[in-house]
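*Asks:* Take this structure first; my questions come after.
The values are calculated or read from the model by the stated rules, or taken from the named source; none is laboratory data. All of these numbers come straight from a predicted model, not from anything done at the bench. No Cβ is skipped: glycine too gets one built from the backbone with ideal geometry, and neighbour counts run over all protein chains shown.
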């Protein structure tokens, strides 16, 4: 089977299982996903934090349909594997089954489900993590695995554990967290996701997880390994869930402050024009010019 005839999920699965690290920058929308692919990335990630921020609410309040609708916009715009945050399945096992079906129909290649309680607590952002017991999460993974098979769909199922995060570090060790992920992998997940907070924990995860692992890199947390270091440790994928919304916010805030304080944007006209042209090119505007011209509507 040629690479072009493989589904995006098949390509993602094979890439994660290979010796090369899958690098998936986080997108906020179809435009940022298109920029990511244009500069050379062959996998993109859509997180709950980015979607919650873009809708001016917050990740725990982002709904399943908001996530799947945004994912559909991205998969329409780019033809590379998209990995999406599946929250806690957006409910109980029955809701999880429906979530998997929605995500498959949105054209995504992979999704992760976490062992936090649902509805997800807003205090999650302050480091207070409320998680379910292992058996409850295993049931969700089993149902998610069944859903993708029932739908005759292909999607990479990633199991995320929030054990050993924030307040949970007081009661659960990295060993406990790895044990949880291994249980989830045994229940039908193909890839795991944890949050080691030291280099030693990062190495422990790589050595003891019974499947490929995803590293979540946020620049306000340690450790912050390079892609080369993660590849050497044997991680399968790294995602950057919050970098895009943070950088966008920085530059948008500066722009609006400049208009407020100085009455102008402060942009160099040539650079501004070049960026507008770049946007138009990557979203395919020249192709539509050709269609209009061919139909006599130039």
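*Asks:* Over 14 Å from the mean Cα position of the chain (by Cα), modelled with pLDDT under 95 and within 26 Å of residue 176 (Cβ to Cβ): is that true of residue 60 in this structure? It would help to see each step written out before you state the result.
*Replies:* Details: over 14 Å from the mean Cα position of the chain (by Cα): yes; modelled with pLDDT under 95: yes; within 26 Å of residue 176 (Cβ to Cβ): yes.
Answer is yes for this residue.
*Asks:* I need a count of the residues in the range 198-225 that are part of a loop (DSSP other than H, G, I, E, B), without any contact (Cβ under 8 Å) to a residue 40 or more places away in the chain, over 20 Å from residue 49 (Cβ atoms) and within 20 Å of the chain's Cα centre (by Cα). Lay out the reasoning, then the answer.
*Replies:* Narrowing the range 198-225 to residues part of a loop (DSSP other than H, G, I, E, B): 198, 209-212, 217-225.
Restricting the remaining residues to those that are without any contact (Cβ under 8 Å) to a residue 40 or more places away in the chain gives 198, 209-211, 217-225.
If we keep only those that are over 20 Å from residue 49 (Cβ atoms) too, we end up with 198, 209-211, 225.
If we keep only those that are within 20 Å of the chain's Cα centre (by Cα) too, we end up with 211, 225.
So the answer is 2.
*Asks:* Still on this structure: Within the range 278-289, count every residue that is free of Cβ contacts under 8 Å to residues at least 12 places away in the same chain and either under 28 Å from the mean Cα position of the chain (by Cα) or loosely packed, with under 12 Cβ neighbours inside 10 Å (or both).
*Replies:* Pass one, the range 278-289, residues free of Cβ contacts under 8 Å to residues at least 12 places away in the same chain: 278, 280-281, 284-289.
From what is left, the residues that are either under 28 Å from the mean Cα position of the chain (by Cα) or loosely packed, with under 12 Cβ neighbours inside 10 Å (or both) are 278, 280-281, 284-288.
Adding up the residues that qualify gives 8.
*Asks:* Then there's this: Could you pull out the residue among 236, 188, 192, 166 that is on the phi > 0 side of the Ramachandran plot and at pLDDT 95 or above? Even if it seems obvious, please write down each step before you answer.
*Replies:* Details: 236 fails: on the phi > 0 side of the Ramachandran plot; 192 fails: on the phi > 0 side of the Ramachandran plot; 166 fails: at pLDDT 95 or above.
188 is the lone residue from the list that is on the phi > 0 side of the Ramachandran plot and at pLDDT 95 or above.
*Asks:* In the range 16-45, how many are under 14 Å from residue 156 (Cβ atoms) and touching a residue at least 40 places away in the same chain (Cβ under 8 Å)? Quick ask: steps written out before the conclusion?
*Replies:* The initial filter retains those residues of the range 16-45 that are under 14 Å from residue 156 (Cβ atoms), namely 16-18, 22, 24, 43-45.
Pick out the ones that are also touching a residue at least 40 places away in the same chain (Cβ under 8 Å) and you get 16-17, 22, 24, 43, 45.
Result for the range 16-45: 6.
*Asks:* Of all residues in the range 69-90, which are assigned to a helix (DSSP H, G or I), touching a strand residue (DSSP E or B) at 6+ places or on another chain (Cβ under 8 Å) and farther than 18 Å from residue 13 by Cα? Before you say what the answer is, go through the steps one by one.
*Replies:* From the range 69-90, those assigned to a helix (DSSP H, G or I) are 69-77; that's our starting set.
Narrowing further to those that are touching a strand residue (DSSP E or B) at 6+ places or on another chain (Cβ under 8 Å): 70-71, 74-75.
Within the range 69-90, 70, 71, 74 qualify.
*Asks:* Kindly evaluate residue 155 against the criterion of being crowded, with 17+ Cβ neighbours inside 10 Å, farther than 22 Å from residue 205 by Cβ and assigned by TED's automatic domain parsing to the domain that holds residue 222. Before you say what the answer is, go through the steps one by one.
*Replies:* Numbers: crowded, with 17+ Cβ neighbours inside 10 Å: yes; farther than 22 Å from residue 205 by Cβ: yes; assigned by TED's automatic domain parsing to the domain that holds residue 222: yes.
Yes.
*Asks:* Let me ask another. Please specify each residue of the range 226-242 satisfying the condition of being over 18 Å from the mean Cα position of the chain (by Cα) and either touching a residue at least 40 places away in the same chain (Cβ under 8 Å) or assigned to a helix (DSSP H, G or I) (or both).
*Replies:* 228, 229, 231, 232, 233
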